[in-house]
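Chemist: Following this message is one structure expressed as structure tokens.
The values are calculated or read from the model by the stated rules, or taken from the named source; none is laboratory data. Just so you know, these numbers come straight off a predicted model, no measurement behind them. As a convention, Cβ positions derive from the backbone with ideal geometry for all residues, glycine included, and neighbour counts pool all protein chains shown. Only protein heavy atoms, including side chains, enter the accessible area calculation; ligands, DNA and RNA are left aside. Shrake-Rupley method; radii C 1.70, N 1.55, O 1.52, S 1.80 Å.
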Amino acid sequence: MAKKRMVMVIDVKRCLGCHTCAVACKSGNYLPNKVWWNRILTVGGKDMDTPEGVFPNLKMGFLPISCQHCENPACVKACPVGATYKREDGVVMQDYDRCIGCQYCIAACPYTEVRQFNVSEPEYYLPITKDKIGASAQQKGTVSKCIFCFTRLDDGKVPNCMELCPGRARYFGDLNDPASEVAKLLQSRQYNQLLVEKGTKPSVYYLT
């Protein structure tokens, strides 16, 4: 039996740009102030949520971006202590206890700002009981990033961002299972991947 390869498929035509996925990620993973693993970029004007063009000929779209959980991750190769590594199912992980804060992984990753560095002791606007959500506490001097909500995966659930998406723009599953929804979607729809020329083989696919 082939190993699982867990991937995220995002239908950009269905993305509302509402940022619900970003907030779900932040709260579900106990992320500190100013740390965002999941961001929604505006494809349009130079500012967030602004279109390009001149009225009435305006155009705007959205591009969700986070760690791409690459099949050939540059970050794993760059980490000198094995703090960033890949699980057998393809999820690229980050071990805060092993991380020494060298930020080599950030320098090696071709995807801008998908990894965050905790310069100071993590602070929170609101108290959150992390034990109730199963997330690991952030640590000063370490790098963090999207981990596909692996504790939820291990419980048979989907990542927070997918579960709460009101536009149902996200799909998650095993690409190596031909019967999975993600495999069927990628067989039937056109899609893009980010920076494929870098050779990282990202595991996030954008339906067009």
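Chemist: Using alpha carbons only, what's the Rg to Rh ratio of the range 9-69 with Rh from Kirkwood?
Modeler: Expressed as Rg/Rh, it is 1.04.
Chemist: Once label points are set 7 Å from the Cα along Cα→Cβ at both Thr20 and Tyr96, what is their separation, rounded to one decimal in nm?
Modeler: Here the modelled spin labels are 2.8 nm apart.
Chemist: Under the rule that an exposed site lies in a DSSP loop and has at most 16 other Cβ atoms within 10 Å, name the longest stretch of the chain with no GluC sites (Glu not before Pro) of that kind, not counting the sites themselves.
Modeler: Segment 124-208 is the longest.
Chemist: Consider all pairwise Cα distances in the chain and report the whole-number % of them above 22 Å.
Modeler: Result: 51 percent of Cα pairs exceed 22 Å.
Chemist: Under 1.5 on a/c is rounded, so check that first for the range 43-86, then, if it is not, pick prolate when a/b is larger than b/c and oblate when it is not; a ≥ b ≥ c are the square roots of the alpha carbon gyration tensor eigenvalues.
Modeler: prolate
Chemist: Could you give the accessible area per residue of the range 83-199, probe 1.4 Å, as a whole number in Å²?
Modeler: Accessible area per residue, the range 83-199: 58 Å².
Chemist: Among Gln103, Gln68, Gln190, which one shows the biggest mean-square fluctuation in a GNM of the chain, springs joining Cα atoms closer than 10 Å?
Modeler: Fluctuation is largest for Gln190.
Chemist: Using θ = phi - 60° and the Karplus form 6.51 cos²θ - 1.76 cosθ + 1.60, what ³J(HN,Hα) does each residue of the range 135-149 get, whole Hz, x for Gly and Pro?
Modeler: 8, 7, 5, 5, 10, 4, x, 10, 9, 9, 6, 4, 10, 6, 6
Chemist: When N counts the residues of the range 41-134, how does its alpha-carbon radius of gyration compare numerically with 2.2 N^0.38 Å, as a ratio?
Modeler: In units of the globular-protein estimate, the range 41-134 measures up at 1.46.
Chemist: Expressed as a whole percentage, what fraction of the accessible surface of the chain belongs to carbon and sulfur atoms when a 1.4 Å probe is rolled over the protein heavy atoms?
Modeler: Answer for the chain: carbon and sulfur cover 52 percent of the accessible area.
Chemist: Would you mind checking Lys4/Lys77; Lys34/Lys140; Lys4/Lys145; Lys145/Lys198; Lys34/Lys59 for any pair whose Cα atoms are more than 23 angstrom apart?
Modeler: Correct reply: Lys34/Lys59.
Chemist: Looking at the chain as a GNM with Cα springs under 10 Å, which of Val119, Val143, Val158 has the largest mean-square fluctuation?
Modeler: Result for the chain, Cα springs under 10 Å: Val119 fluctuates most.
Chemist: Moving to a separate point now. Can you work out the FRET efficiency for the pair Gln103 and Lys34, with r the C-beta to C-beta distance and R0 = 22 Å, to the nearest 0.05?
Modeler: That pair, Gln103 with Lys34, gives E of 0.85.
Chemist: Would you please report the Å³ per residue occupied by the convex hull of the alpha carbon atoms in the range 92-208?
Modeler: Dividing the Cα hull volume of the range 92-208 by its residue count gives 154 Å³.
Chemist: Provide the gained length on full extension for the span Lys46 to Gln139, in nm with one decimal, where the gain is 0.36 nm per separating residue minus the Cα-Cα distance.
Modeler: The span from Lys46 to Gln139 would gain 30.1 nm if fully extended.
Chemist: If you don't mind, there's one more thing I want to ask. Simple spin-label model, 7 Å along Cα-to-Cβ: Tyr124 to Tyr191 in nm?
Modeler: In this crude label model, Tyr124 to Tyr191 measures out at 3.4 nm.
Chemist: When only Cα pairs under 8 Å and 6 or more residues apart are kept, what is the percent relative contact order across the chain?
Modeler: 32
Chemist: Rounded to the nearest 500, what is the 222 nm mean residue ellipticity of the chain from helices alone, with -39500 (n - 2.57) per DSSP H run of 4+ residues and division by all residues?
Modeler: Only helices count here, giving -4000 deg cm²/dmol.
Chemist: Quick one: what do you get for the range 75-124 if you divide its Cα Rg by 2.2 N^0.38 Å?
Modeler: Ratio of Cα Rg to 2.2 N^0.38 Å: 1.16.
Chemist: Compute the Rg/Rh shape ratio of the range 161-208: radius of gyration over Kirkwood radius, all on alpha-carbon atoms.
Modeler: Looking at the range 161-208, the ratio lands at 0.98.
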